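Below is one structure; the comments refer to it alone.
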Amino acid sequence: MGNRITVDRQGLGRSLTQWGDVYGTSYQRDFASLSRSHRSRPVAEILPLLRRAAENARLGFSPADLLEQAEAISTGAPYEVRIG
């Protein structure tokens, strides 16, 4: 009745750590860096940098999500990126 994959507890923990490190953590690091270096810069300048970081991290943010994040960076507004 369907396919099943079995992963032991140790393997699951290792898998979650590796995926989080490769994808979510890299984007969060890039976002934080842009927040420091691009505050008060035009949204149009920040947006392609965020898009590239999201693509590199293989995250599927919508254009509206990326725009919202770029606006927060530009204005210095508090913004928390959560990648689950």
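The values are calculated or read from the model by the stated rules, or taken from the named source; none is laboratory data. Treat the numbers as computed from the prediction; the structure is a model and nothing was measured. Cβ sites come from the backbone with ideal geometry, for glycine too, and all protein chains shown count toward neighbours.
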Considering only region 63-84, how many residues are within 12 Å of the chain's Cα centre (by Cα) and modelled with pLDDT of 90 or more?
3
Condition first: among the polar types (S, T, N, Q), at pLDDT 95 or above and surrounded by 14 or more Cβ atoms within 10 Å (Cβ to Cβ). Can you find one or more residues in region 38-49 that meet it?
no
